[in-house]
Amino acid sequence: MKKKSMVYAVMLFMIVNMLAGCGKKTGEPAAVMPEGYCFTDALGQEVTVRKTERVVALMGSFAEVWLSAGGSLAGVTDDAFDERGLELSEETVSVGKYNNPNVEKIIALNPDLVLLSSETKEHAALKEVLKQAGISAAYFKVTYFDDYLSMLKTCTVITGREELYEKNGLAVKTKIEEILDRAKAEEPPSVLLLITYSGGAVAQNSKTMTGNMLNDLGCKNIADENQSLLKEFNMESIVKEDPDYIFVIPMGNDDTLAMKNLKESIEKNPAWNGLTAVKNNRYILLPKEKFLYKPNEKWAESYQYLSEILYGKK
């Protein structure tokens, strides 16, 4: 009887620990469990990964994170090739666009794990389909550097390459902290951050990726106080605030068309040329690869790029 009691006690201990591992909060590293790797994703789902031989990423930036974690990919969306230019195996299959993934192609690859964005409605729509197909699907949210760090941590635990978390995560964090420490000694400027596209332009506040970086660097974003700028471009409000810097990020595949629209709809306004930022050549176009797409392991380079413009320090 004593031997049986010992066996039951051991079994109970294992079950309790398995449940504790699957109950981890979003952003906590994956737990190594007897049945696989268990963690909670951005949708609050308990995800268990048993194998990682065949992984599909439905966003180019997520594909890059998985590669940075030492993984390989069976399938990716077109932006992994078009925007990221990732070095992928010839056997890696395209499963469509990130905002229009082909679920039949995904299932046909028989993936062990699919990486999806919790902020993309087309990805959320695949949740039940993948579940019914018996495919592990993990949703992540990556807007800020800390989000990237959290996803990388989870991925490196899953791949068993935690040394890559040090190289592509913590080492980058140290560089960013050094850049921000230098910025603290500077007088913070006011900024206007614009996203321009073929249909117009709209301001972004500090809750966006680049807006958050500017905020970390001490900048005062005029759209944080004037919420109306987030809905429509208001020249009167911009003239009143008269920001020290104006940053522009072109969205879409046609930069020329986006900038042409900016010139025709905004720059032709007589008040535009009277702005301090325009007169002082502080009206700056930012590269998409650093400020529209997620920088991932190059996040420190994006912070450094802005810091040199704002404070002239390397």
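Each value in this text was obtained by applying a stated rule to the coordinates, not by laboratory testing. Keep in mind that what you see is a predicted model, and the values were worked out from it rather than measured. Ideal geometry is used to build each Cβ from the backbone, glycine not excepted, and the neighbour counts take in all protein chains shown.
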Karplus 3J(HN,Hα) series, Hz, for the range 209-225 with 6.51 cos²θ - 1.76 cosθ + 1.60 (x for Gly, Pro): 4, 6, x, 5, 5, 5, 5, 4, 7, x, 6, 9, 8, 5, 6, 6, 8
Residue-wise HN-Hα coupling along the range 236-246, computed from phi with Karplus coefficients 6.51, -1.76, 1.60 (Hz; x: Gly, Pro): 4, 5, 5, 5, 5, 6, 6, x, 5, 10, 10
Virtual spin-label span in nm between ASN281 and VAL239, 7 Å along Cα→Cβ: 2.6
Summed side-chain charge close to ALA74 - residues other than ALA74 whose Cβ falls under 13 Å, Lys, Arg +1, Asp, Glu -1: -1
Cut-off under 5 Å, modelled amide H: who pairs with VAL93 long-range: GLY75, VAL76
Sequence ranges 67-77, 208-218, ranked by mean other-Cβ count within 10 angstrom, highest first: 67-77, 208-218
Inter-probe distance in nm under a simple model that places probes 7 Å from Cα toward Cβ, at VAL129 and LYS173: 3.6
Segment ALA108-VAL93, length gained on full extension (0.36 nm per residue, minus Cα span): 4.3 nm
Efficiency of FRET from Cβ geometry, ASP224 and ILE309, R₀ 22 Å, rounded to 0.05: 0.65
Under-5 Å amide H pairs with LEU43, H placed in peptide plane, nonlocal only: TYR139
Among 158-169, 221-232, the order from most to least packed when residues are scored by Cβ within 10 Å on average: 158-169, 221-232
Filter on LYS175/LYS207; LYS220/LYS263; LYS51/LYS141; LYS167/LYS294; LYS105/LYS127; LYS167/LYS288 - keep pairs with C-alpha separation over 20 Å: LYS175/LYS207; LYS220/LYS263; LYS51/LYS141; LYS167/LYS288
Mean separation of Cα contacts under 8 Å, 6 or more apart, over the residue count of the chain: relative contact order %: 14
Exposure proxy order (Cβ contacts within 10 Å, fewest to most) of TRP299, TRP66, TRP272: TRP272, TRP299, TRP66
LYS268/ARG182 FRET efficiency (R0 35 Å; Cβ-Cβ; nearest 0.05): 0.35
Reported label for calculated volume of the Cα convex hull per residue in Å³ given (i) 121; (ii) 172; (iii) 161: (iii)
Other-chain or far-sequence residues with amide H under 5 Å of ILE284's (modelled H): ILE246, PHE247, VAL248
Most to least packed among 290-298, 141-149 [average Cβ atoms within 10 Å]: 290-298, 141-149
